[in-house]
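In what follows, a structure is listed as structure tokens, so that the remarks can point back to it.
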Amino acid sequence: MAGHDISEKNVLVLGSYGFIGAEVTRALQAEGARVQGMVRNLALGAKVLPGVPLTKGDLRTLVHKKDWQGLLVGVDVVVNCAGALQDNASDDLEAVHHTAISALAKACAERGIGVVQVSAIGAEPDASTHFLRSKAAGDAALRASGVPLWVLKPGLVIGQTDYGGTALLRMLAAVPWVQPLAYPDTPVQSIGMPDLCDVVISAVDGRLPQGRYDLVEDTPHRLSDVVQNTRQWLGFPAARIGFTVPPVMTYAVARLADGLAWFGWRSPLRSTAMTVMADGVTGDSAPYRAATGRGFASLPDIYAAIPCAREHRLSARMALLMPLVVATLSLFWLLSGLFGLTGLSTASEVLTGAGWSAPMAMTSVVFWSLVDIALGLAVLWRPWAARACLAQFGVALFYLMAASITAPDLWSDPLGPLVKILPAMILSLVALPMLASR
């Protein structure tokens, strides 16, 4: 493969609308490669990567060699940027990281197709997490197949956008006045997204010798220093007080995040991320330096090269507030419905006072109380959350209009039952951009 112009290469990027995949796809296309992205959701892919040819594919179902035949027609190189942090309702680590990649390896070996595998630092058979062990199994399957292979193991990837570890850093940096940290002394080595994309490009065009490379800066930093650099980059003032989160609290938060993952919430605080952080994110930069004669930008230089704007600060704050916003909306609607049911007679009196019959009033209160409870529960299920927020706004607007017609005196009620609906409506709208996945 060495010596070929990258413009002659047909490249299939797996996971092409992910945090790394999207940047790699854009970088390859900018270099002139003929890129096709493989994504789970074509509509979402078209929004993230307009103008990039896309094909639909789900690694959870591509577990046999024959499953890859149609996807690999005309392909010279496959770049695998797909991955998942932890098993949940929508992710299967063994399938995504190992079984599908093993099938891909066999299919590519038959066709002489090269593979650039974006793995992870610490991906070894005896690693402490299923995430890293399954990644290592996929790496091993690729090596055993004999395909032209580059296994890239990036450290903490820092880019213009945020996801996973980068999102967690920005959330921590957005905490005002204080700086809570678990494992503040954990060593971390980073790599900037531009450097990672350059490595992928050099592998695709054959300039980088085949092999396994840890993609990390030369010198590790303490996690506390990484967060402080992130605060400075975002333009947030230094924390006045820093404290170490005790292990028991870290464990409790991680287990809660694991539970929420089964409702579709992919929190960066899940136990896999916490375990990886406890172990440290470190690698050996020497093999890459020996192969290329150069290293990677250090953490301060990575941040110095990335412009920071108001939207980055806003995104960090919104990510920090999102769990509170969603929990508040859920509680508001659940309590509204429960209070309606427990105070059925009192609520019905408002309608009977407006001329409704008692049976009709009670039926209406029960029905809309159940609607409130349903909306309070629906917002907790991640796939429905955005639509639940829109439904909350619509139902609340209906309440305001109906109450204004049937019981307009409620506007002047000292407890302000109608006035209090207004901020709840606005909070539902505020939650919508927070819930945008990409």
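The values are calculated or read from the model by the stated rules, or taken from the named source; none is laboratory data. Fair warning: this is a prediction, and the values are worked out from it, not measured in the lab. FYI the Cβ positions are ideal-geometry reconstructions off the backbone, even for glycines, and counts take in every protein chain you see.
In region 235-253, which residues are under 22 Å from the mean Cα position of the chain (by Cα) and buried (at least 19 other Cβ atoms within 10 Å of the Cβ)? Please lay out each step first, then the result.
Applying the first criterion (under 22 Å from the mean Cα position of the chain (by Cα)) to region 235-253 yields 250-253.
Correct list: 250 only.
Look at residue 336 and say whether it is surrounded by 16 or more Cβ atoms within 10 Å (Cβ to Cβ), more than 19 Å from the chain's Cα centre (by Cα) and in a helix (DSSP H, G or I). Spell out the reasoning first.
Numbers: surrounded by 16 or more Cβ atoms within 10 Å (Cβ to Cβ): yes; more than 19 Å from the chain's Cα centre (by Cα): yes; in a helix (DSSP H, G or I): yes.
When the stated conditions are applied, residue 336 passes them.
Among the residues of region 383-436 satisfying the criterion of being surrounded by 14 or more Cβ atoms within 10 Å (Cβ to Cβ) and of a type in the set (Phe, Trp, Tyr), which is farthest from residue 368 (Cα to Cα)?
Taking the candidates together, the pick is 384.
Could you please find all residues in region 28-50 being in a loop (DSSP other than H, G, I, E, B) and farther than 11 Å from residue 17 by Cα? Reasoning before the result, please.
Pass one, region 28-50, residues in a loop (DSSP other than H, G, I, E, B): 31-33, 40-41, 49-50.
Listed by number, the residues that qualify are 31, 32, 33.
Which residue out of 379, 366 is within 38 Å of the chain's Cα centre (by Cα), β-branched (Val, Ile, Thr) and outside the structural domain of residue 260 (by TED's automatic domain parsing)? Write out each step before concluding.
Details: 366 fails: within 38 Å of the chain's Cα centre (by Cα).
Matching residue, one of 379, 366: 379.
Regarding residue 136, is this residue in a loop (DSSP other than H, G, I, E, B) and either touching a His at 6+ places or on another chain (Cβ under 6 Å) or over 30 Å from residue 317 (Cα atoms) (or both)? Please lay out each step first, then the result.
Details: in a loop (DSSP other than H, G, I, E, B): no; either touching a His at 6+ places or on another chain (Cβ under 6 Å) or over 30 Å from residue 317 (Cα atoms) (or both): yes.
In short, no.
Just for region 232-282: of the residues that are touching a strand residue (DSSP E or B) at 6+ places or on another chain (Cβ under 6 Å) and part of a loop (DSSP other than H, G, I, E, B), which one is nearest to residue 88 (Cα to Cα)?
Out of the qualifying residues, it is 262.
Considering each of 166, 129 in turn, give the residue that is polar (S, T, N, Q) and touching a helix residue (DSSP H, G or I) at 6+ places or on another chain (Cβ under 7 Å). Give the derivation first.
Working: 166 fails: touching a helix residue (DSSP H, G or I) at 6+ places or on another chain (Cβ under 7 Å).
From the options 166, 129, the qualifying one is 129.
In region 51-98, which residue that is charged (D, E, K, R), assigned to a loop (DSSP other than H, G, I, E, B) and without any contact (Cβ under 8 Å) to a residue 40 or more places away in the chain is farthest from residue 199 (Cα to Cα)? Steps first, please.
Looking only at region 51-98, we keep the residues that are charged (D, E, K, R), and these are 56, 58, 60, 65-67, 76, 87, 91-92, 94.
When the remaining residues are screened for being assigned to a loop (DSSP other than H, G, I, E, B), the result is 58, 60, 76, 87, 92.
Imposing the further condition that a residue be without any contact (Cβ under 8 Å) to a residue 40 or more places away in the chain reduces the set to 58, 92.
Details: 58: 26, 92: 28 Å.
Checking each candidate, the answer is 92.
When only residues in region 105-135 that are farther than 17 Å from residue 212 by Cα and touching a strand residue (DSSP E or B) at 6+ places or on another chain (Cβ under 7 Å) count, which is surrounded by the fewest Cβ atoms within 10 Å (Cβ to Cβ)?
So the residue we want is 113.
Out of curiosity, is residue 300 in a helix (DSSP H, G or I), touching a residue at least 60 places away in the same chain (Cβ under 8 Å), out of contact with any Lys or Arg (no Cβ under 9 Å at 6 or more places or on another chain) and assigned by TED's automatic domain parsing to the domain that holds residue 221?
On the way: in a helix (DSSP H, G or I): yes; touching a residue at least 60 places away in the same chain (Cβ under 8 Å): yes; out of contact with any Lys or Arg (no Cβ under 9 Å at 6 or more places or on another chain): yes; assigned by TED's automatic domain parsing to the domain that holds residue 221: yes.
Criteria met by residue 300.
All but one of (1) farther than 30 Å from residue 384 by Cα; (2) crowded, with 17+ Cβ neighbours inside 10 Å; (3) among the β-branched types (Val, Ile, Thr) hold for residue 326; which doesn't?
Going through the list (1) farther than 30 Å from residue 384 by Cα; (2) crowded, with 17+ Cβ neighbours inside 10 Å; (3) among the β-branched types (Val, Ile, Thr), residue 326 breaks only (1).
Filter region 142-188 down to the residues that are touching a residue at least 12 places away in the same chain (Cβ under 8 Å) and assigned to a helix (DSSP H, G or I) and list them by number.
If the condition is that a residue be touching a residue at least 12 places away in the same chain (Cβ under 8 Å) and assigned to a helix (DSSP H, G or I), then 142, 144, 145, 165, 166, 167, 168, 169, 170, 171, 172, 173 are the ones that fit.
Considering each residue of region 1-19, count those that are of a type in the set (Val, Ile, Thr) and at pLDDT below 95, and give that number. Break it down stepwise before answering.
So the first thing to find is which residues in region 1-19 are of a type in the set (Val, Ile, Thr), and the list is 6, 11, 13.
Remaining after also requiring at pLDDT below 95: 6.
Count: 1.
Quick one: is residue 56 charged (D, E, K, R), more than 26 Å from residue 8 (Cα to Cα) and touching a Lys or Arg at 6+ places or on another chain (Cβ under 9 Å)?
no
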